[in-house]
Structure formats: structure tokens, C-alpha cells
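Where a number appears in this text, it was derived from the coordinates with a stated rule and is not lab data. Predicted, not measured: the structure shown is a model, and the values here were computed from it. Glycine also receives a Cβ, built like all others from the backbone with ideal geometry; neighbour counts cover every protein chain displayed.
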Amino acid sequence: MKILLIGYGTMNKITARLAEEAGHEIAGIIASGESDAPYPAFDSIDAAGADVAIDFSHPDLLLPLLEDQVNTPLVIATTGRKEELVAVLKEKSESLPVFFSANMSYGVHVMNTLLKKALTMLDDFDLEMVERHHNRKVDAPSGTLVKLLDTALDHREGSYPVYDRSSMNDKRKKEEIGVSAIRGGSIVGTHDVIFAKDDEVIEIRHQAQSKEIFANGALKAATALVDRPDGFYDYNNLFEER
């Protein structure tokens with residue numbers, strides 16, 4: 001494939017290396033500001049003539065690019081401003097294939113699937129969610145935790161998130177879903193879903209040990225997406241048989 005990279009931070013530098021090792025070509029990049037990339041720079045997505053664009057950037061870079069006509073299939077891993085971004089991507093997906101995931105790890109997709117099952121069986125358990133990331137991550141909670149939270153909210157009628165317990169002066173309510181974000185060091189990413197009841201605790205954890213899992217996930221999605229008809233895809237439907 002000829003791949004356009006939207007953003008050229010740590011994640012897309014890893015994506016470029018793994019893509020070239022797999023025999024793909026980097027057609028160019030779109031970056032904000034000056035870049036040290038050894039690839040051509042473009043101002044619009046279609047200008048690169050790529051087979052697919054992979055985005056690990058920021059909504060401030062991506063959303064203006066989507067104001068133009070786009071014909072290049074898109075693999076989007078940007079987090080932040082999720083509702084706005086998904087609305088734009090779904091509109092674009094009427095005329096091109098678009099893949100979106102807040103976390104490009106297939107293991108996180110499996111975790112979310114397990115969570116859905118657990119929610120049907122543990123409805124009388126308290127539910128808490130915790131995510132840990134490196135000290136350079138700018139959004140909190142992470143896009144992945146927001147995805148897991150959305151799953152829980154869909155399955156627990158009347159539930160609501162509580163993001164900060166430091167100001168609370170009353171006991172926990174059954175409808176609460178606690179959400180906590182930890183930032184420190186070089187933690188790649190850890191997500192915990194904790195079901196707690198009297199005398200027992202059940203935890204579901206995904207721990208990323210390398211950022212390569214996200215780049216490889218994006219490349220796997222891109223390989224499948226280029227042969228797909230127009231539409232909006234995620235890990236729930238991208239690999240379904242046609």
C-alpha cells in the first residue's frame with residue numbers, strides 16, 4: 001500500500017517504520033508545524049495519491065482536513081472531541097470507507113466485548129474504571145476509557161460517571177460509575193474495569209507493553225479497509241465476511 005500519515009508524532013513514526021518493514025510505501029505526511037520526516041509533506045489528504053491515510057494526530061489537525069472533499073480511505077485513531085469527530089467521519093463514510101477506533105489494539109476490542117458480557121451478569125456489582133498513561137498524554141480520561149464507559153452506560157440504565165471523588169461528602173450511590181485517570185512516567189497504557197461487591201472483586205485489565213501494538217493494529221485495519229465498500233467501520237464489523 002501507499003500510505004499517507006496524518007500527524008508525525010511518536011505513533012506515526014512507529015507506524016512508518018513498521019509499514020516499510022512490511023513492504024508498504026509511505027506516500028507522505030501531513031503535520032502541524034515543522035517536521036523532521038524524510039517524506040513529502042502535503043496540505044490535503046487526497047494530494048498524496050495514497051491508497052489509505054492513517055491518522056494518529058489531534059482533532060485540531062484532522063478536522064480541518066475533513067472539511068475538504070476526501071476520496072482516500074481513512075484509518076482514524078485520533079482521540080478527543082469524539083462526538084464531533086465521529087459525526088464528521090460518518091458523513092464522510094457515505095462516499096468512502098472509514099475506520100475509526102479510539103484504541104487500535106484488537107485486544108482492547110476483546111476487552112470491550114468481555115465487558116459487555118460481564119455487565120449482563122454483574123448488574124448488582126459496583127463498577128469502577130481506571131486508566132494509566134504516560135506523563136505526556138494530554139487528554140483525560142483516555143479515548144479508550146471513554147469507549148469502555150460508553151459501553152457500561154449503554155448497559156446500566158440510569159447510571160452516570162463520577163470523575164472526581166475528592167469533593168464528595170456522601171457514600172457511593174449504586175448508579176455511579178467511577179472514572180479515574182493516572183498520569184506518570186512512561187506508562188504505555190493500562191485500562192482496568194473493576195466490579196466490586198461484598199466480599200468479592202472481579203477485574204478485567206488490558207495492559208499495553210509497547211506502542212507497536214497500536215501501529216500494527218492501524219496497519220491491519222488499513223490492509224482490510226482498502227478493499228471494503230464505502231461505509232463506517234470499527235473492530236465490530238471490519239473483518240466480517242462479505
Just to be sure I understand: of the beta bridges DSSP finds with both ends in the chain, what percent are antiparallel, rounded to 5? 35
Estimated vicinal HN-Hα couplings, Hz - the range 165-176 in sequence order (Karplus 6.51, -1.76, 1.60; Gly, Pro = x): 8, 5, 9, 7, 10, 9, 5, 5, 9, 4, 7, 6
What percent of all Cα-Cα pairs in the range 12-117 falls in each 5 Å bin, counting up from 0? 2, 11, 20, 24, 20, 13, 7, 3, 1, 0
Spin-label zone in the range 52-69 - amide nitrogen under 20 Å from a point set 7 Å from the Cα of Ala22 along the C-beta vector: 52-57
PRE zone check, label point 7 Å out along Cα-to-Cβ of Asp139, amide N under 19 Å, scope the range 177-196, hits 179-184, 187-192
Compute the FRET efficiency between Ser186 and Ala41 as 1/(1 + (r/R0)^6), taking r as their Cβ-Cβ distance and R0 = 30 Å, and round to the nearest 0.05. 0.55
Inter-label distance, nm, simple model (7 Å from Cα along the C-beta direction), Leu63/Glu203: 3.6
Filtered hits (lysines, Cα-Cα < 20 Å from Lys13, offset >= 8 within chain) -> Lys2, Lys137, Lys211, Lys220
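Where does each of 174-180, 214-220, 30-36, 73-79 land if you order them by average Cβ count within 10 Å, highest first?
Averaged packing, sorted descending, gives the order 73-79, 214-220, 174-180, 30-36.
For Cα pairs less than 8 Å apart in space and 6+ apart in sequence, what is the mean separation divided by the residue count of the chain, i.e. the relative contact order in percent?
Value for the chain: 22 percent.
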Semi-axes of the range 198-242's equivalent ellipsoid from the Cα gyration tensor, sqrt of 5 times each eigenvalue, largest first, rounded to whole Å? 31, 17, 7
Largest-first ellipsoid semi-axes for the range 107-184, taking √(5λ) over the Cα gyration tensor eigenvalues, angstrom: 21, 19, 9
Under 14 Å from a point 7 Å along the Cα-to-Cβ line of Ala224: which residues of the range 82-100 have their amide N that close? 98-100
